[in-house]
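S.K.: Input: one structure, supplied below.
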Amino acid sequence: MRTRIVAGNWKMNNTFREAEKLIYEIMDLLAENGTDDVTTVICPPAVFLELAHDLTRESTLEVGAQNLSQFEKGAYTGEISARMLQSVGISYCIIGHSERRKYFNETYQELGQKVGQALKHNIAPIFCCGEQLREREEGAHFTVVEKQLAESLFHLDADAISRVIIAYEPVWAIGTGVNATPDQAQEMHAYIRSLFRKKYGGTIADALSILYGGSCNAENARELFANPDVDGGLIGGASLKASDFHRIIRSFG
Ligand code: PGA
């Protein structure tokens, strides 16, 4: 069976104290009523990663970053390298979120380099892809997602690609309260898996975890996760409330 994953993308939210409180609340809920067969990851802002890693040492909760530098080290003021993340025990990183593509102009090539840095330092990339509303309306959503994957990932060899997690996040669904329907999600996830099958073969495609993201919440997660090609979720807003996040983790059939 594929690994089921629920990852919380906190984005630029919470203070130190709020972060601490939220982590304790999530850990308490998982300790009371956890599931062994769902990998649960929180991705707090970088300044809280060490805290998160320390607090979760005894817990099943994993910690991921939201971004990393495409460079190995050196004169890149303000940047955080994969090597630094690895040195504080981080094992996942979101790469290519649509907000980073949009506000920080991250290109296909840079994203490919970031994935390379992550893999080099034993960090599993949660690679995001997804179309804008206009692209869906024009019927270009499959082409757009294919290009995003091909340009930033498909140079990887079989060993490297098998360590990548995909998150399909239609941009029009992120933070809008309008999620993709379960059918829309399943259709795109199956398409993404078919691309991997074509490029890397059935074994790798079948083992690939593909998460859905975009207004996934405690109410709709069960319906979304019930689809055969939806292996979990990348959760923004609803990951900031422990009880909601916990309900989502418990939403597999
Ligand atoms: P949302 O964000 O759940 O708040 O829509 C998802 C994401 O951006 O990863």
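S.K.: Taking the condition of a type outside the set (K, R), in a strand (DSSP E or B), touching a residue at least 60 places away in the same chain (Cβ under 8 Å) and out of contact with any Pro (no Cβ under 7 Å at 6 or more places or on another chain), does T40 pass?
M.R.: Yes: the conditions hold for T40.
S.K.: Quick one: what pairs do we get from region 198-220, first residue part of a strand (DSSP E or B), second within 16 Å of the ligand (Cβ to nearest atom) and acidic (D, E), C-beta under 6 Å, 6+ apart or different chains?
M.R.: Hits for this filter: I210/D231; G213/E169.
S.K.: Can you pull out the residues in region 142-169 that are near the ligand (Cβ under 10 Å from one of its atoms) and either over 24 Å from K120 (Cα atoms) or over 15 Å from the mean Cα position of the chain (by Cα) (or both)?
M.R.: Matches in region 142-169: E169 only.
S.K.: Could you look through region 103-115, keep only residues that are without any contact (Cβ under 8 Å) to a residue 40 or more places away in the chain and either surrounded by fewer than 18 Cβ atoms within 10 Å (Cβ to Cβ) or more than 16 Å from the ligand (Cβ to nearest atom) (or both), and pick out the one that is farthest from R83 (Cα to Cα)?
M.R.: Per the criteria, the residue is Y103.
S.K.: While we're on this one: Going by the conditions given, is R4 under 19 Å from the mean Cα position of the chain (by Cα) and among the charged types (D, E, K, R)?
M.R.: yes
S.K.: I've got another one for you. Any idea how many residues of region 77-102 are within 16 Å of the ligand (Cβ to nearest atom) and either modelled with pLDDT under 95 or assigned to a loop (DSSP other than H, G, I, E, B) (or both)?
M.R.: Selection size over region 77-102: 2.
S.K.: Which condition does G139 not pass, out of (1) part of a loop (DSSP other than H, G, I, E, B); (2) closer than 24 Å to S81 by Cα, if it passes all the others?
M.R.: (2)
S.K.: State yes or no: is G74 of a type outside the set (S, T, N, Q), within 18 Å of the chain's Cα centre (by Cα) and either in a strand (DSSP E or B) or away from the ligand (no atom under 16 Å from the Cβ) (or both)?
M.R.: Spelling it out, it is not the case that G74 is of a type outside the set (S, T, N, Q), within 18 Å of the chain's Cα centre (by Cα) and either in a strand (DSSP E or B) or away from the ligand (no atom under 16 Å from the Cβ) (or both).
S.K.: Hey, could you check region 216-234 for residues that are surrounded by fewer than 23 Cβ atoms within 10 Å (Cβ to Cβ) and not acidic (D, E) and say which is nearest to S162 (Cα to Cα)?
M.R.: Across region 216-234, the extreme among qualifying residues is P228.
The values are calculated or read from the model by the stated rules, or taken from the named source; none is laboratory data. Fair warning: this is a prediction, and the values are worked out from it, not measured in the lab. Reconstructed Cβ throughout: ideal geometry from the backbone, glycine too, with neighbour counts over all protein chains shown.
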